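Enquirer: This is the structure I want to talk about, given as structure tokens.
Please treat every number below as a calculation from the coordinates, not as lab data. Given the structure is predicted, the values throughout are model-derived calculations rather than measurements. All Cβ positions, even for glycine, are placed from backbone atoms using ideal geometry, and neighbour counts span all protein chains on display.
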Amino acid sequence: MTLTETFLEGCFVIEPQIFEDKRGGFFEAFNKKVFESKTGIATHFVQDNISVSKKGVLRGLHFQKGDFAQAKLVSVLKGKVLDVCVDIRKTSPTFGEHFSIILDEENRKQVYIPKGFAHGFLALADNTIFSYKCDNYYNKGSESGILYNDEALNIDWELPTSDLILSEKDQELKPFKIVTNNED
């Protein structure tokens, strides 16, 4: 397993060693000891979530506030996504910057997203199955988000806006500047 820190401090890409033969394949998806020894980050996941999306579904940019902030380990079980992490830590030198990566069932890459980040993804294939482990429980009263197409973030979602499918709630999210000025 290879762990590479992105330019966003604390955000890591994890690449498993994949073993394949005539029967199929095997890889270790997560190893707490290896992760903690290579990153110095102690983590304890308490909730696993799975979403299924058709091509063009954009979910995000979401985060949990305050005591319910979450670190996440995200991956694709089937299909393909453009995964996006936005640093919303006000004291971070990369505040307001984002990292994006293609995650799919072929490369089996994962992204560890620390607390203090907004996160979203765009399904690039039908029936994409997206998995995310969280180190804190979801709390409806603590959910928040940033408008996916905020000009200040300048995220290239790789599909024309007319091809994107968003929930009504995600379409009504506020811009980065408004959201981050209102966060504690």
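Enquirer: What's the extension gain from Thr161 to Lys55 if we count 0.36 nm per residue and subtract their Cα-Cα distance?
Expert: Taking Thr161 through Lys55 to full extension adds about 36.9 nm, to one decimal.
Enquirer: Of Leu77, Leu122, how do they rank once you tally other Cβ atoms within 10 Å and put the fewest first?
Expert: Leu77, Leu122
Enquirer: May I ask you to derive the FRET efficiency for Met1 and Asn182 from their Cβ-Cβ distance with R0 = 45 Å, giving the value to the nearest 0.05?
Expert: 0.70
Enquirer: Still on this model: With a cut-off of 12 Å, note down the residues of segment 100-116 whose backbone N falls inside the zone around a label point 7 Å from the Cα of Lys38 toward its beta carbon.
Expert: Zone members listed by number: 109-112.
Enquirer: Further question on the same structure: Rank these for me by crowding, His119, His44, going from fewest to most other beta carbons within 10 Å.
Expert: If I rank by nearby Cβ atoms, fewest first, I get His44, His119.
Enquirer: Please give me, ordered by residue number, the GluC sites (Glu not before Pro) of segment 111-177 that lie in loop per DSSP and have at most 16 other Cβ atoms within 10 Å. It would help to have the intermediate numbers written out before the result.
Expert: Numbers: sites: Glu143, Glu151, Glu158, Glu168, Glu172; in loops: Glu151, Glu158, Glu172.
Of the GluC sites (Glu not before Pro), the ones in loops of segment 111-177 whose Cβ has at most 16 other Cβ atoms within 10 Å are Glu151, Glu158, Glu172.
Enquirer: Moving on to the next point. Could you tell me the calculated FRET efficiency between Glu168 and Tyr137, based on Cβ-Cβ distance and R0 = 25 angstrom, to the nearest 0.05?
Expert: With R0 = 25 Å, the Cβ-Cβ based efficiency is 0.50.
Enquirer: Within the set Lys54/Lys80; Lys38/Lys109; Lys109/Lys177; Lys33/Lys78; Lys65/Lys177; Lys80/Lys169, which residue pairs have Cα atoms separated by over 21 Å?
Expert: Over 21 Å apart, Cα to Cα: Lys109/Lys177; Lys33/Lys78; Lys80/Lys169.
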